[in-house]
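Below: the structure, in structure tokens.
The values are calculated or read from the model by the stated rules, or taken from the named source; none is laboratory data. Not measured: the values here are computed from a predicted model. All Cβ positions, even for glycine, are placed from backbone atoms using ideal geometry, and neighbour counts span all protein chains on display. The protein model used for the area step is the full one, side chains on, heavy atoms only, and it has no ligands, DNA or RNA in it. Shrake-Rupley method; radii C 1.70, N 1.55, O 1.52, S 1.80 Å.
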Amino acid sequence: MAVQQTIKTIIEQGMLPLYFNADETVSVEVLRALHKAGVRAVEYTNRGEAAFDNFKKLVAVRDEEMQGLLLGIGTVKNLQDAEKYLEAGADFFVSPGFVPEIAAFAAEKDVFYAPGCMTPTEIIAAENAGVQFIKLFPGDMLGPKYLSTIKDIFPKLLFMPTGGVDATEESIGGWFKAGVCAVGMGSKLVSKQLMAAKDYTAIEQMTAAVLNTIQSIKSK
């Protein structure tokens, strides 16, 4: 039931925040800010040499302070990384593209996997591999109209755009109207500027505001 529980958490949240920072302390403090804002599923980006050690630290802090928080790893591009991060405590995987080996591994381990897809061909390949949840990427290149056009072809799939989703009711609302179940939010939510300034209060407040906006949109 791990896959279904992850899907349920992301859908209820309506948003999946994703971020990376090379500094371990900053990474931990951002995670705390997101959790305080009400986030219960977070994607940490696998980027650069510090990512793996930082992720292990995040898992340790999560286990100690934030029971129930799902901590996934993003930008997973090969099976070796998926195996390594699962052993380190990853709750789910997200890729920038569809990787069949990761899909098979995730299915075997009952772990949620959201591959990045751009074309109907990629989405079909992912669906045929048993994937239930598609990350539309890059979202800003595709746009809500694209999803509206193709969604009827894939009635059983769940969609989440990542890339270019602004923290505004207009941007988020446009995607939900097109039929997404959640939006992925990176630098438009956890910006490099806020992390550089160590302004964790601003990250918490902005995240809480976005979560409120999403609940408002979903209740209409």
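For this structure, a couple of remarks:
- Within the accessible area of the chain (1.4 Å probe), percent carbon and sulfur: 52
- Note: relative contact order over the chain, using C-alpha pairs below 8 Å and six or more positions apart, is 22 percent.
- Fluctuation leader among ILE73, ILE134, ILE124 - the chain, Gaussian network, Cα springs under 10 angstrom: ILE124
- Residues in the range 12-31 that a label on ALA50 would reach, taking backbone N under 16 Å of a point 7 Å out along Cα→Cβ: 19-31
- Accessible heavy-atom area order of MET195, MET141, highest first, probe of 1.4 Å: MET141, MET195
- Across the range 194-220, the residues whose backbone nitrogen lies under 19 Å from the label position 7 Å along the beta-carbon direction of GLU65 are 194-208.
- Dipole magnitude of the chain, debye to nearest 20 (Cβ charges: Lys/Arg +1, Asp/Glu -1, about Cα centre): 580
- Extension gain, LYS198 to LYS84, is 38.1 nm, computed as 0.36 nm per intervening residue step minus the present C-alpha separation.
- At most 16 other Cβ within 10 Å, DSSP loop - trypsin sites (Lys or Arg not before Pro), the range 85-168: LYS156
- A 1.4 Å probe run over the protein chains yields, for the chain, 46 Å² of accessible area per residue, whole-number rounding.
- In order along the range 139-152, the Karplus-derived 3J(HN,Hα) couplings, from 6.51 cos²θ - 1.76 cosθ + 1.60 at θ = phi - 60°, round to x, 5, 7, 8, x, x, 4, 4, 5, 4, 6, 9, 4, 5 Hz, and Gly and Pro are given as x.
- For GLU64, net neighbour charge (Lys/Arg +1, Asp/Glu -1) across residues whose Cβ lies under 14 Å away: +2
- Distance from the alpha carbon centroid of the range 155-209 to that of the range 48-96 works out to 20 angstrom.
- Our estimate of slack between LYS57 and LYS109, defined as 0.36 nm per intervening residue step minus the Cα-Cα distance, is 16.4 nm.
- Peptides 179-188, 6-15 ordered by average Cβ neighbours within 10 Å, highest first: 179-188, 6-15
- Each of PHE52, GLY143, GLY72 was placed along the dipole of the chain (beta-carbon charges, centred on the mean Cα), and the one lying farthest toward the positive end is GLY143.
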